[in-house]
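No lab work stands behind these numbers, since they all come straight from the coordinates. Everything numeric in this text was worked out from a predicted model, so none of it was measured. Heads up, the Cβs are rebuilt from the backbone with ideal geometry, glycines too, and the neighbour counts pull from every protein chain shown.
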Amino acid sequence: MSEHSDNSHAANEELKQRVRAFWQEHPCGSKFSDAETGTREFFQAVENHRYEKEWHIPEAANFAATHGLKVLEIGCGVGTDGAHFARAGADYTGVDLTDAAVELARMGFALADLPGRFRVSDAERLDFPDSMFDLVYSHGVLHHTPDIRAAISEIHRVLKPEGRAVVMLYHRGSYNYRIGIRVLRRAGAGLLRSERGIKIVNRLTGEPIVSLREHATALKNARGNSPAAELLNQSTDGAGNPLARVYSRCEARELFKDFRDVQLRTFFLNKRFIPLVGNLLPRSIEAALAARWGWHLWIYARK
């Protein structure tokens, strides 16, 4: 291995450790519940928020069609989508990079009396044998791993012949990225340099002052990233998020070039970034706009 490869590998591992630390402290979805962590009320609040804001997920994931299938979820979070696979009769396994998520997912399944297996695992180095699963599902996870190509290669490896991958990545061509982040968030980031600006952003967006101050500190303490990359990191999954990437349709197809029957769909319009009328849009118009400019790029592919 060359010195350049060694350095690149070391940099990726250091970044992955920061990714792990961030999600260990902020298990996916947990911030959307005020209930005591690990209680029935906690899991119900997380689920309610998820499917209220991202109401397309049950249809896009097609949980109902997974009865009897061996399903692997990469990045199970607190087990919200996993519970729907299990209820549909899938033979479900969930993995996550963090102990915190795996422990919470196990608790949620136990409370709901659902069957399922969980383990801590790295998406880039899955500890499963070849050709084990009928379906590998990953929603909003692989754009946070340093070597996404390795992760997708692992998905291909653990799928059975004819098995399917269903993966959601952030969409470069979305309204959310091109306008919400690159224009509106960038303008807001400038305002966050002062306490007065923070209060202005609070009045305009309703985002809590405490959260905005965290964002301001994170942007100030950015570690070597370009301003554009750091803005993307901080604008997706909370202040302190060390890594997020976006992908175009062409880039997604290239990532899945070893698969066949690759189909792409986009969902989810972040209506907070549509001034004045965003929250008034009926679902029919929201869905039509999201089909072209949605923030969530879903990739459906077959081995």
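Remarks
- Normalised by the number of residues in the chain, the mean separation of alpha-carbon contacts (under 8 Å, six or more apart) gives a relative contact order of 16 percent.
- Restricting segment 1-83 to GluC sites (Glu not before Pro) that sit in a DSSP loop and have at most 14 other Cβ atoms within 10 Å of their own Cβ leaves Glu36.
- Cα centroid separation - segment 248-292 against segment 101-134, whole Å: 28 Å
- Spatial extent of segment 1-135: Rg and Dmax, with the Cα atoms as the point set, Å: 16.3, 52
- Inter-site label distance for Arg117 and Glu14 at 7 Å from Cα along Cβ, in nm: 3.7 nm
- Projected area averaged over orientations for segment 141-184, convex hull of C-alpha atoms, nm²: 3.9 nm²
- Close amide H partners of Lys70, meaning residues 5 or more places away or on another chain with modelled amide H under 5 Å apart, are Asp91, Asp134, Leu135.
- On the basis of the beta-carbon distance and an R0 of 30 Å, Arg157 and Ala229 show a calculated FRET efficiency of 0.55.
- Among the lysines of the chain, pairs that are 8 or more positions apart or on different chains and have alpha carbons within less than 20 Å of each other number 9.
- In angstrom, the C-alpha Rg and Dmax of the chain are 19.2, 58.
- Relative contact order of segment 42-154: 26 percent, from C-alpha pairs under 8 Å at least 6 residues apart in sequence.
- Using only alpha-carbon positions in segment 240-303, the gyration tensor eigenvalues give semi-axes of 27, 16, 8 Å once each is multiplied by 5 and square-rooted (largest first).
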